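What follows is one structure encoded as C-alpha cells, with my remarks underneath.
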Amino acid sequence: MIHPDGTAATPKRVTIRDVALAAGVSRQTVTRAVNEMPEISEETRQRVMRTVEELGYRPNRFAIDLSRQRTHTVGLIVGTFRNPYYAQLADAFVNELHSRGWQVVVGTADQGEAEAVRSMASQADAIIGYFIEPQSAFAPAARGVPIVSLEERATMPGVHSVELDFRVGIADLVAGLRAKGAGRFAMIDASTPDADGIGLGSPRRRLFEEAVGTPCPVVTEPETIAGGVEGFRKLLALDPQIDTVLAFNDLMAMGAVQGAHGLGIDVPGRVRIVGIDGISLGEAISPTLTTLSLETQVVAAEAASILAELFASEPMPTASITRAVTPVVLWRESA
C-alpha cells in the first residue's frame, strides 16, 4: 500500500480476528489450530492453517510462549561488527534481553537492511535495529513484526524508536569544550548519502555547527581509523590554527589522535580531539579519548521497555512508541 505522499506504508498486522472471519470459525478455533491443540477436526485445522498462510498471519508468540512456559525471541540487527561500537551495543542488548528471560538472535545489515529485516522477521517476535536507510525502505519487509529503531524517531505505524537527543548532547559537549578554552573548532565527518547517492553532511555535523554557532572547517572521510588519520591531516591543511576537533565516531577520533602523534602535535596541549560513541576501546589509547557516549545500556533498557509494553498487548499496537536518551560526555585525557 502507498500513502498519498508516495511513500510505502507498513502493512497492517493481521489479527486472529481476521483469520477467524476469513476461515469462518471462532477465534478459539484459530488458537487451537495454530497451537496444535486438540478438540478440532483435522479438516478444520487445515482450513485454518491455509487461511493463516494466505493472510500472512503471525500469532502473538509472546502469548503462546506464556501458555507453553517458553520464552520468546527478539532479533537484533546492527550495521557491522567491523566497528567495535556495534559489538558493545550488541553486548548491552544481549545482557538486557537475557535478564528478562528473552532469547536473542543477532545479525548484521551487511546484505542490506530490508533483507536483514525480512530474514529476522521469520525468526523473531520483534526486531530491534540500528538503521541508516529511511524507515519506508525496510519496515514493509517485517510483514507486521514490530520494529524498534535506534537513534532516529519512528515515523511509520508498526515502527517504534529509542531516539538519541544529539542536539542536547552535542550542545553540552561544545559548552564543556569552550569552558576548557576551545576556540577554533573543526570536524571530521562521515558522508550520509541521500536517495540519489549524493553525499550530505551528517545530522551530527549540522548539530555541531549549530552548537558552535560559526562556520568551521569540515572534511568528510570513511568511518575508520585511517579515515581519522587522513581527516586530521586535511583539517590542519585547511586551518593550521584549529585547537579542537570533533570526529563523527570514536574510531575516527582515535585515528585523529594517531595522526596528531605522527605529526608531533601534542594532544590535548595543542589540539583537543573528541569522538562520539563511548566505546571502551577509547580508554586503551594515549591520551585516553574524550567522547560523547551514546549510553548503550540505557538505550538497551529503553528498547526492552518498549517491547515489554508491546508484548503485553493483544493485538499489538501499531501507533509508534518513542523513548528518548540523551548522550553524555565522558571527559578523559584527549580534551
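Points worth noting:
Results for (1) closer than 30 Å to residue 144 by Cβ; (2) not aliphatic (A, V, I, L, M), shown as yes or no for each residue.
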site	(1), (2)
256	no, no
269	no, yes
287	no, yes
297	yes, yes
311	yes, yes
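- Selected residue [touching a residue at least 60 places away in the same chain (Cβ under 8 Å), out of contact with any helix residue (DSSP H, G or I) (no Cβ under 8 Å at 6 or more places or on another chain) and crowded, with 21+ Cβ neighbours inside 10 Å] from 292, 307: 307
- Output for region 282-325, where each listed residue is assigned to a loop (DSSP other than H, G, I, E, B), closer than 30 Å to residue 158 by Cβ, out of contact with any Lys or Arg (no Cβ under 9 Å at 6 or more places or on another chain) and hydroxyl-bearing (Ser, Thr, Tyr): 313
- Annotation: of all residues in region 46-68 being of a type in the set (A, V, I, L, M, F, W, C) and surrounded by 18 or more Cβ atoms within 10 Å (Cβ to Cβ), the one that is modelled with the highest pLDDT is 48.
- From the list 94, 105, 74, the one residue that fits, being in a helix (DSSP H, G or I), closer than 30 Å to residue 295 by Cα and either modelled with pLDDT of 95 or more or in the same structural domain as residue 141 (by TED's automatic domain parsing) (or both), is 94.
- Here is the figure for region 108-133: residues that are assigned to a helix (DSSP H, G or I) and in contact with an Asp or Glu (Cβ under 9 Å, 6 or more places away or on another chain) total 3.
- If only residues of region 178-205 that are surrounded by fewer than 18 Cβ atoms within 10 Å (Cβ to Cβ), of a type in the set (D, E, K, R) and modelled with pLDDT of 95 or more are counted, the one that is nearest to residue 255 (Cα to Cα) is 184.
- Being part of a strand (DSSP E or B) and within 24 Å of residue 250 (Cβ to Cβ) holds for only one residue in 173, 150, and it is 150.
- Among residues of region 174-183, those that are touching a residue at least 40 places away in the same chain (Cβ under 8 Å) and within 16 Å of residue 214 (Cβ to Cβ), counted: 3
Yes or no, residue by residue, for (1) more than 17 Å from residue 277 (Cα to Cα); (2) out of contact with any His (no Cβ under 7 Å at 6 or more places or on another chain); (3) surrounded by fewer than 21 Cβ atoms within 10 Å (Cβ to Cβ):
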residue	(1), (2), (3)
139	yes, yes, no
148	yes, no, no
163	no, yes, yes
168	no, yes, yes
173	no, yes, no
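- Meets criteria (in contact (Cβ under 8 Å) with a residue 40 or more places away in the chain and farther than 19 Å from residue 85 by Cα) for residue 169: no
- Filter pass, residue 149 being among the polar types (S, T, N, Q) and in the same structural domain as residue 321 (by TED's automatic domain parsing): yes
The values are calculated or read from the model by the stated rules, or taken from the named source; none is laboratory data. Please read these numbers as outputs of a predicted model, since none were measured by experiment. When we count neighbours, we look across all protein chains shown, and the Cβ atoms used for this are built from the backbone with ideal geometry, even at glycine.
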